[in-house]
Structures are given as structure tokens and as C-alpha cells.
Amino acid sequence: MASVLANLFPKLGSLGTSDHASVVSINLFVALLCACIIIGHLLEENRWVNESITALIIGLGTGVVILLISGGKSSHLLVFSEDLFFIYLLPPIIFNAGFQVKKKQFFVNFITIMMFGAIGTLVSCAIISLGAIQTFKKFDIRFLDIGDYLAIGAIFAATDSVCTLQVLHQDETPLLYSLVFGEGVVNDATSVVLFNAIQNFDLTSVNLSIALSFLGNFFYLFLASTLLGAATGLLSAYIIKKLYFGRHSTDREVALMMLMAYLSYMLAELFYLSGILTVFFCGIVMSHYTWHNVTESSRVTTRHAFATLSFLAETFLFLYVGMDALDIEKWKFVSDSPGLSIAVSSILMGLILLGRAAFVFPLSFLSNLMKKSSEEKITFRQQVIIWWAGLMRGAVSMALAYNKFTRSGHTQLQDNAIMITSTITIVLFSTMLFGLLTKPLISLLLPPQRQLSTVSSDANTPKSLTAPLLGSREGSDVDLNGQDLPHPPSLRMLLTAPSHKVHRYWRTFDDTFMRPMFGGRGFAPPAPGSPTEPGP
């Protein structure tokens, strides 16, 4: 490939062939990113295409052009690497999701989100694994062992939260966005944790002791990852509040927030935890405490900096996936048996449809039983959209598949090539089909209605981050105009509206202990460069 690129641009200074190819690759990717941004802007109002699909199509088109220029030898500039994805591209996407999320909606639906994201992923993984075991044998696919089948379940249980975030909007469909987005983040974390646990355990002889150890390790990773993210966010808030960086340099405030956010992710990877969960909850804690401790200019800068990094990572990711999908090295291994690859892809796609339906509708029914208000319940039409929007598979599935079935990014065995090409086929098919039809489906099932915004936007908050860390439908910092309304007795309140009661307890604890120590709204500097200690 390097020689092909060198022939295209033979007069690029005196650089060596490899350096020359790298420069050309970088130029091409930057140009393609610019094209994705421009075309995405022109298609902003299109009800069918979103920026993820635009980048994917451009990546595919570029891959075809490179394939033709190289004489069918290569179609990409870089080999897809799970390290590039997990270490550089995924952290800014997940952190910004936590930093910008409307915490009120997220925590009101926290139990439902955890049910969908954790229990639902386990159910989907089990159905995909069992279905693959039963059906693959009929096609004489015998190169997989029990660990491979369980890994396949974890790989294809991972939804594509990136594409989903670009299809749904939290201002237009707040409940749907909260559920699908929250489930997507927890789902990705669960899939990665589950995949790593499967890789680390000897599953050839499963017994009760191994099963209990597996579950214990699984829940430990979840809890430890969440606590690590919260602790890193609180540490950043405490340091910025005590040292008053804004007196001398707002650049230091911004740099510290960025580095602490990335540090939380890398610490999780260092201790073999879930970096996705860690950086997500670090983003939530930073938006609640740290962001309010910095100066006004730093708030504006961080809000746009995190959003920009996330946007570029998302666009680069789909461009990357689209370009790598046509890698001739993978497809030549299955050229002798294309029917087998199509059959495997079709079976897995059917199992994905079945596995998602098996938990969305039953868990929605259980969630509705726990909610008293009809407005908080998930209607059947909303359940259909949740089921549909979560059918897209993306880079997490590809990264896990490459980790399992390749060596150093290269496919060396025909059996492994079948699984890699099947994964690519499913990612392209599900993203294009379900991504294209999600917006029209939402318009059909949930026609837009005129709604009054219940949460006011403020220029000093990242994307309307005016809700408290634990919110309720009625309660916020500003909706009572300073008046303390009478509350029903504690026991009755806890039984009839548990989330509201928990919110009251959290608000009391937050105002009494957390904000005086870590800062936050009400303890922020009133003007740039003039931090003020909180009053008694």
C-alpha cells in the first residue's frame, strides 16, 4: 500500500517511502473528515441520513477508490486496531456523553437503564450464544469451542451507542434518549467486561464455583469502575476549588480537566476495570462539581472542547470502519465459500433481533409495574423504538471481534476470517438499515408535539446542565422559586415515590457535605479570576 501511495505523490520532498505514505494517509483522513463535516451540515435536516451514516458511506466510497487504484490489493490506509479504538477514540465520546447528559432524566430512569444495560445484555448474550451453538452445527461449523460461542454472544450483544446518540435527541424525546443512551453506555461496558471475563476464565469445565466466581468478578468490575470514575471526578473538583487555577491561567483549568478525565479512563484500564463506566461517571461528577468551580471562560472552553473532541472521534470512527470494511485480505479467505459467510451473518442478525426483543419488552413491563405515574411508563410504541434503535452494531463489536479472531490486526485463518467478515457485514447492514429508518420510525410512531421545556437553558452550563445529580420530575434547584413545599410523611413518600424521596436525601447530603468540600453550583467563582470561598 505504501508503494501505491508513493506512486500517487512522487514529489513529496525527500521523505522515505513509509514516511511519505504516513503523510499522505494523514492528509487524506483530514480531507475526508472535512468532507464529512461539510456534507453532514448540508444533510442536517434530512430525515433519513445522519452524520454516522454519512461518514460510513464516505469511508466505503474511499475504500472502493483505493481498491481500484491499488489494483485490488488494498482498500484502506490503516489497519483497524482495537487499541486505537479503545485508547484514543472511545474515551472522549463516552466522557462527553456523561458530561453533557441531562442528569435529571438519567437518574430518574436509573433502575430501568441498569435493567436494560446489564440484565438485558446478559439475556441477549445468552440467546445469541445458545442460538449460535444450535444453528452453526447444521452448517458444519465446528471450529468454535464453548468460549468462542460465549465470546460471540458478548461481541454481538454490544449496541452502537454512538450512532444511536446521533439519531435521538434529548430535547425532542427526553425519555427515549435517556433510556436508549443510558442503556447504550451500560451495555457497552457490560459487553466489554463480559468479554474480558470470558477470555480470562477456563470455561472447558464449568461448575458452580466457577459460575459464582465469574458473577462475583463481573459485579466487582461494575462497582469498582463506577467508584473510580466518581473518585477521579471529585479529586479534580477538590484540586481546582482549593488551588484557584483561574487566578493565573484558565488554560491550566481546562488542561487539568481534560487530563483528569483521560486519567480516569487509563487508571481503569491499568487496574483491569471498565474504562467506559469509569470515564462516563467521571464526566457526570465533573459536570456536577468541577465545571462549576472554574472561571466563566473555562466553562465555555471545556463545554465546546469536549463536544468537539467527541464529534471528531465519532466521525473518524465511522470513516475508519467504512474504509476498513473492504479490506481485501479478510474477504479473500471466504471467497471460496461466500454462502457460508452469508449464512453465518444472517443467523447472527436474526439472533440479535430475537435477543433484543427477549429483554426489551419483558423488562419494560417490569419497569412499568414499578411506576405509578402513567407519564413515566414506557408505552408500547416507545418500546418498539427502543428495540429498533438498539439493533445497530458498531465499533465496539468490531473491536471485540478483532481482539478475538485476529492477530495484530491481521486475519490469518479462514475460520477466523468468516467471523470477521460476518461482523463487518452485520455492522454495515445494521447501521445502514436501522440507522436510516430510525428517524422515520420515530416520526411515524411518535408524531412531534409542541412541548414546553421544563428545564431552562443557561449559558453557564454545559447543554442545559441545570438539573441536580439526582433529579425528579418535579424537583430541581430552581423550580420552586426558593419556596420549600410541604412534603408527605417519610414512609408514605418512600413507598409511593421512592425516587423523589431519594432525591430529597441526596439534596440534603449534597448541600451539607459535598458542595462545601468539592464546590459546585452555588460555590462557583462569581467572576472570572475571582474565586470566592463559600459562606458559612
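Only the coordinates and a few stated rules stand behind these numbers; no lab work does. The structure displayed is predicted, hence computed values, not measured ones. Cβ placement follows ideal geometry from the backbone for every residue including glycine, while neighbour counts extend to all protein chains displayed.
Given 0.36 nm per residue, what is the gain on full extension from Asp140 to Phe219 after removing their alpha carbon distance, in nm?
24.8 nm
Applying a 10 Å radius around every beta-carbon, put 187-194, 325-332 in order of their mean neighbour count, most first.
Details: 187-194: 26.4, 325-332: 18.9.
Peptide ranking by packing, descending: 187-194, 325-332.
Among 21-30, 433-442, 55-64, 384-393, what's the highest-first ranking by average C-beta atoms within 10 angstrom per residue?
Ranked by mean Cβ neighbours within 10 Å, highest first: 384-393, 55-64, 433-442, 21-30.
Report the one residue of Ala268, Ile240, Gly283 whose Cα lies farthest in the direction of the positive end of the charge dipole of region 174-324 (charges on C-beta: Lys and Arg +1, Asp and Glu -1; origin at the Cα centre).
Selected residue: Ile240.
For a protection proxy built on the mean count of beta-carbon atoms within 10 angstrom, sort 344-352, 369-377 highest first, please.
344-352, 369-377
Taking a spot 7 Å from the Cα of Leu366 along the direction of its beta carbon, which residues of region 117-156 have an amide N less than 16 Å from it?
117-127
Please compare each pair in Lys102/Lys404; Lys103/Lys404; Lys103/Lys242 to a cut-off of 29 Å on the Cα-Cα distance and tell me which ones are over it. Write out the running numbers ahead of the final one.
On the way: Lys102/Lys404 36 Å; Lys103/Lys404 35 Å; Lys103/Lys242 26 Å.
Where the Cα-Cα span goes over 29 Å, the pairs concerned are Lys102/Lys404; Lys103/Lys404.
Expressed as a rounded percentage, what relative contact order does region 249-405 have, with Cα pairs under 8 Å and six or more residues apart?
Contact order relative to length: 16 percent.
If you place +1 on the Cβ of every Lys and Arg, -1 on the Cβ of every Asp and Glu, and leave all else neutral, what size is the dipole of region 178-321 about its Cα centre, to the nearest 20 Debye? Walk me through the numbers before you get to the answer.
Details: 6 positive and 8 negative charges, 116 e Å.
Charge dipole of region 178-321: 560 debye, to the nearest 20.
Quick one: what are the phi-derived ³J(HN,Hα) couplings along region 270-280, Karplus 6.51/-1.76/1.60 with θ = phi - 60°, whole Hz, x for glycine and proline?
Couplings: 5, 9, 6, 9, 8, x, 5, 5, 4, 6, 5 Hz.
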